[in-house]
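Report on one structure; see the data block that follows.
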Amino acid sequence: MATSAAEHPSTDASAHAASDHDASDHAAAPVARIGPNAIIRMIEALDEQVGHEETAWLFGLAELSHHLEHAPDHMVDERDVVAIHTVVRSQLGAARAREVGRQAGLLTADYLLANRIPKAIQPILKVLPAAISARILLGAIGKHSWTFAGSGTFVAVAGHPVRFSIAGCPVCRGAKAPAPLCDYYGATFERLFRTLVHRNARVIETACEAAGAPACAFEIRWR
């Protein structure tokens, strides 16, 4: 059950530091950006799972209340994405944060299917052999990887299983955990591949930077 903001202890300085909003950092390097879905779908997922009041409290801790007042309609600073995932993990715990991330990923994929992946192409992908559809879809995703990986590096290899990785992953950046944390990306890819490639497609995160890996790595299998 969600609790009110007043019932929560204030977050410590480390959580604020993890949001990486220091003004000197802004001046020191170019700002990498990520598509607004990474924020908008987190708002929707949190509203659904913990309620609007607690969502507002979490975004306040991340110093991102402006995104609730005016939903972003353009690319956002990737540090905003890092910050909200950091705060959600610190306040809700890793397991609950993964649930929220997964829901946000599914909502992101639904948006892409409805608004970004051409309607004329989708029926063709669905009837092609899975290996061919996977290669086509993966190529299209790779061309637009900057919209979801930000300053991270996306690498993908077609085949079975499909393998992809994100080095410098925004979702788990700065986190330490014994198990993978990047359900946001796993769920997004799983929904896309189940809808367009094979209904049995399943994504597993096989390595995570939060657990000490050099990149967050995923496999997609459908048989």
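The values are calculated or read from the model by the stated rules, or taken from the named source; none is laboratory data. What you see is a predicted model; the values in this text were computed from it and never measured. Just so you know, the surface numbers come from the protein's heavy atoms only, side chains and all, with ligands and any DNA or RNA stripped out. Shrake-Rupley method; radii C 1.70, N 1.55, O 1.52, S 1.80 Å.
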Convex hull of Cα atoms in region 109-155, direction-averaged projection (nm²): 3.6 nm²
Please compute the per residue accessible area over region 28-165 with all protein chains in place, 1.4 Å probe, rounded to a whole number of Å². 47 Å²
Rounded to the nearest 10 Å², the accessible area of Leu138 using a 1.4 Å probe with every protein chain kept is 10 Å²
Using only Cα atoms, figure out Rg for region 151-191 and give it as a multiple of 2.2 N^0.38 Å. 1.24
What the Cα atoms of region 62-133 span along the principal axes, largest first and in whole Å, is 45, 29, 16
Just the number, please: Stokes-Einstein D of the chain in µm²/s, Kirkwood Rh from C-alpha pairs, 4 °C, 1.567 mPa s. 72 µm²/s
What's the long-distance tail for region 128-174, i.e. % of Cα pairs beyond 13 Å? 56 percent
Residue among Arg33, Arg194, Arg89 with the largest mean-square fluctuation in a Gaussian network model of the chain, springs linking Cα atoms under 10 Å: Arg194
Computed over the chain: longest principal axis from alpha-carbon atoms vs helix 37-50 long axis, angle to nearest 10 degrees, is 70 degrees
Taking the chain as the reference, fit the longest principal axis to its C-alpha atoms, fit the long axis of helix 130-143 to the helix C-alpha atoms, and give the angle between the two in degrees, 0 to 90, nearest 10. 40 degrees
Compactness relative to 2.2 N^0.38 Å, alpha carbon Rg of region 150-223: 1.06
Within the accessible area of the chain (1.4 Å probe), percent carbon and sulfur: 56 percent
Can you tell me the 0 to 90 degree angle between the C-alpha axis of helix 94-115 and the longest principal axis of the chain, rounded to 10? 50 degrees
